[in-house]
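Beneath this line is the structure, given in structure tokens, with notes to follow.
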Amino acid sequence: MIYDKHIFICTNQRAATATRKSCGEVHGMEIVDAFKKKLKELNLPIKLRAQKAGCLDICDFGQTVVVYPEGVFYVGVELSDVDEIISEHIVKNQPVQRLILKRPD
């Protein structure tokens, strides 16, 4: 199936001895569940999928979520950000600027 919006939430877990952060340790699955619950409640008229993902390799920026087809990477995502990402980006097609990964020039 081809989705209008496909949301990947990092749930990667590193070994306890790893030196890099790990999204899954913090609240990766909680964020996955929050996206799925809210999207189901809204029952939007577009094809959507939110799912867990392995490492997106930008762990140093905190919890990561990416939305396709735009390829917008959100970093430092908290549970409290899920509703805003859905209402602004998924529903209104307006990415949440304050959470977007800033690329160095």
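Couple of notes before you dig in:
- In the context of the full protein assembly, Glu70 retains an accessible surface of approximately 80 Å², using a probe radius of 1.4 Å and ignoring ligands and nucleic acids.
- Left without a cysteine partner by the 4.7 Å Cβ rule in the chain: Cys55, Cys59.
- Accessible surface area normalised per residue over the chain is 61 Å², counting heavy atoms of protein chains with a 1.4 Å rolling probe.
- Calculated [222 nm] ellipticity per residue, helices only, for the chain: -5000 deg cm²/dmol; basis is -39500 (n - 2.57) per DSSP H run with n ≥ 4, divided by all residues, nearest 500.
- Sequence of His27, His89 when ordered by accessible area, the most exposed leading, probe 1.4 angstrom: His27, His89
- Pairs of Lys residues in segment 16-105 that lie 8 or more places apart, or on two chains, and have C-alpha atoms under 21 angstrom apart add up to 14.
- Placing a pseudo-label 7 Å from each Cα along the Cα-to-Cβ vector at Arg14 and Leu44 gives an inter-label distance of 3.2 nm.
- Here the chain exposes an accessible surface that is 51 percent carbon and sulfur, computed with a 1.4 Å probe and the other protein chains kept in place.
- Size of charge dipole - the chain - debye, nearest 20, with Cβ of Lys, Arg +1 and Asp, Glu -1, no other charges: 240
- The coefficient of translational diffusion for the chain, derived via Stokes-Einstein from the alpha carbon Kirkwood radius under 25 °C and 0.890 mPa s, stands at 176 µm²/s.
- Low-density loop cleavage sites - chymotrypsin sites (Phe, Trp or Tyr not before Pro) in segment 1-78, where at most 15 other Cβ are within 10 Å (DSSP): Tyr3
- Ranked order, Arg14, Arg49 - accessible area, probe 1.4 Å, largest first: Arg49, Arg14
- Sorting Val91, Val72 on solvent-accessible area from highest to lowest, probe radius 1.4 Å, gives Val91, Val72.
- Loop-located trypsin sites (Lys or Arg not before Pro) across segment 76-105 with a Cβ neighbour count of 12 or fewer within 10 Å are Lys92, Lys102, with loop assigned by DSSP.
- Folded to 0 to 90 degrees: helix 28-42 orientation relative to the chain principal axis, Cα: 0
The values are calculated or read from the model by the stated rules, or taken from the named source; none is laboratory data. None of the values given here were measured: they were computed from a predicted structure. Note that we place each Cβ from the backbone using ideal geometry, even for glycine, and neighbour counts take in every protein chain shown. Each accessible area value is taken on the protein alone, full model and side chains, heavy atoms only, with ligands, DNA and RNA left out. Shrake-Rupley method; radii C 1.70, N 1.55, O 1.52, S 1.80 Å.
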